[in-house]
Amino acid sequence: MHSQENQGGVFSQSEYASATALSTAANYIMNSQEPFTHTYRTYIRLRENGSLTLKFWHSNAVDSTWDMGLEARGSEPGGEWSIEAAYIADGGLAPDGTVAAGTEVPVTFSGAAAKQVAPGETFWSDEASLTLPEGHYLAFTWTIRTAAPGKTFPYNVEGILVSAYDAPGNLAGQESNASFRVSDNLLVLPSYIGYKKKVSKRLIFLGDSITQGVRTAKDEYSYWAARIAEGLGTGYGLWNLGSGWGRAYDVATNGSWLNKAKQGDEVLIVLGVNDLDIGKRSAGELVEDLTHIISLLREVNPEVEIILSTVPPFNFEGEREEAWRSVNAQILTAPPAGVSRIFDIAAVLSMPAPADHRVRAEYMSNSDDPHPNGTAGKAVADAFLAWYEGTVSK
């Protein structure tokens with residue numbers, strides 16, 4: 001743990017490393033007209049299988065703003081809700097809503113099966129051990145109860161990247177998929193899925209939907225953050241904090257999202273698309289926010305390695321294209337103080353100049369969507385790994 005500010009964060013359990021490259025950042029909040037009890041089951045590919053000791057950390061707050069903030073805004077605290085029951089289990093080879101018979105292991109909180117969650121609270125689970133055969137998914141299931149209408153628990157609403165199911169009622173201990181339905185744009189998970197593992201470095205990816213991997217194929221982990229995690233190997237801990245529709249000015253508020261990023265030995269920042277787009281920030285405002293983020297990271301840990309990426313191309317035109325070019329020119333030639341190294345993701349994804357503000361057609365999710373696809377994920381990961389290995393020794 002780097003400072004008292006991070007007390008209760010993931011570094012307070014330093015023998016644990018992130019168990020998956022899947023992002024569980026929250027960009028939305030449940031807002032129901034009636035109280036309810038509901039069960040959520042998610043299938044996760046872990047970085048390692050076998051005999052595992054797992055532990056979960058959660059932050060009851062929204063990380064990044066959705067749209068213009070009417071529904072959910074960055075650092076907004078979650079409301080009051082409770083965990084009625086939680087389990088890990090062998091999810092098998094096919095994420096079909098079932099779990100392997102007899103494999104469910106309760107996840108407890110200070111010895112209790114249930115946990116009352118206060119607004120904005122952060123907390124750890126107890127350890128839970130499971131043997132997960134090679135190639136099998138981890139199934140995480142929990143039942144959440146809300147006691148009142150209104151805003152309660154934060155979650156991620158972007159295009160879902162893994163198989164997930166949900167059902168009314170308390171079905172966390174049920175092995176079958178009876179009453180479960182396929183979840184759509186509804187990823188309800190703890191903020192951090194850790195496993196007991198000694199790693200040489202904790203690398204954090206702090207970005208928006210491009211880092212999260214939005215629009216890549218479900219359960220394939222073909223986005224670049226997951227491919228980089230695979231390429232670096234399990235000696236590195238990698239926590240993906242990509243959050244759909246996130247922007248630098250969300251991080252710069254020094255709230256829940258940045259607090260997560262402060263837990264890393266090394267932080268890769270890939271932000272700016274949404275600032276220039278929906279956020280309508282100027283080039284100067286974006287650079288100022290990035291500079292502030294870097295200074296806040298260094299305040300808590302002066303030794304942190306900070307990799308700043310250029311802003312990915314996103315087919316901007318007019319004033320937004322001009323701002324995009326201005327920001328990237330400054331990042332490449334005069335980056336903010338405190339930056340350790342620069343990674344030029346734009347050079348990987350962009351068409352040749354003078355159309356370099358546009359994403360290469362073969363890297364777009366579809367003809368109308370410049371979100372990088374799995375092919376782009378491989379290209380970025382290959383470029384990053386070659387660059388990274390040339391700039392730092394393992």
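The values are calculated or read from the model by the stated rules, or taken from the named source; none is laboratory data. This structure is a prediction, so every number in the text was calculated from the model and none was measured. Note: ideal-geometry Cβ built from the backbone for every residue, glycine included; neighbour counts use all protein chains shown. Heads up: the accessible areas ignore ligands, DNA and RNA and are worked out on the full protein's heavy atoms, side chains in. Shrake-Rupley method; radii C 1.70, N 1.55, O 1.52, S 1.80 Å.
Leaving out same-chain residues fewer than 8 places away, which lysines sit with a Cα under 21 Å from that of K198?
In chain and number order, the partners are K55, K260, K262, K394.
Rounding to the nearest 10 and keeping the result within 0 to 90°, find how far the Cα-based axis of helix 283-300 lies from the longest principal axis of the chain.
50
Just how far, in whole angstrom, is segment 15-33 from segment 340-394 if you go by their alpha carbon centroids?
Segment 340-394 and segment 15-33 have Cα centres separated by 25 Å.
What percentage of the solvent-accessible surface of segment 294-365, computed with a 1.4 Å probe over protein heavy atoms, is contributed by carbon and sulfur atoms?
Values: 1690 of 3200 Å².
Percent of accessible area from carbon and sulfur atoms in segment 294-365: 53.
At 1.4 Å probe size, with every protein chain present, just tell me what the per residue accessible area of the chain comes to in Å².
Values: 14560 Å² over 394 residues.
Per-residue value: 37 Å².
Which of the GluC sites (Glu not before Pro) across segment 129-215 are loop residues per DSSP, with 15 or fewer other Cβ within 10 Å? If you can, show how the numbers build up before the last one.
Working: sites: E134, E158, E175; in loops: E134, E158, E175.
Filter output for segment 129-215: E134.
Cross-link partners among aspartates and glutamates for K280, C-alpha distance below 18 Å, same-chain residues fewer than 8 apart left out?
D67, D208, D250, E288, D289, E317, E319, E321, E322
For segment 146-252, give the percent of accessible area contributed by carbon and sulfur heavy atoms, probe 1.4 Å, rounded to a whole number. Before the final figure, lay out the partial values.
Details: 1570 of 3310 Å².
On segment 146-252, the fraction of accessible area on carbon and sulfur atoms equals 47 percent.
Can you grab the distance from the C-alpha centre of segment 107-151 to the C-alpha centre of segment 155-218, Å, no decimals?
A separation of 13 Å, based on Cα centres.
At a 1.4 Å probe radius, carbon and sulfur cover how many percent of the accessible area of segment 35-143?
Numbers: 2080 of 4000 Å².
Carbon with sulfur: 52 percent of the solvent-accessible area.
Could you order peptides 179-188, 62-71 by the average number of other Cβ atoms within 10 Å of their residues, highest first? List each step's numbers first, then the result.
Working: 179-188: 16.3, 62-71: 20.2.
For the peptides 179-188, 62-71, the packing ranking is 62-71, 179-188.
In a shell of Cβ-Cβ distance under 11 Å around T152, excluding T152 itself, what net charge do Lys and Arg (+1) and Asp and Glu (-1) give? Don't skip to the end; give the middle numbers.
Details: positive: R145, K151; negative: E80.
Counting the neighbours of T152, the net charge comes to +1.
Starting at the first residue of segment 250-266, write each ³J(HN,Hα) from the Karplus equation 6.51 cos²θ - 1.76 cosθ + 1.60 with θ = phi - 60°, in whole Hz, x for Gly and Pro.
Running phi through 6.51 cos²θ - 1.76 cosθ + 1.60 with θ = phi - 60° gives 5, 5, 5, 6, 6, x, 4, 5, 5, 4, 5, 5, 5, 7, x, 7, 9 Hz.
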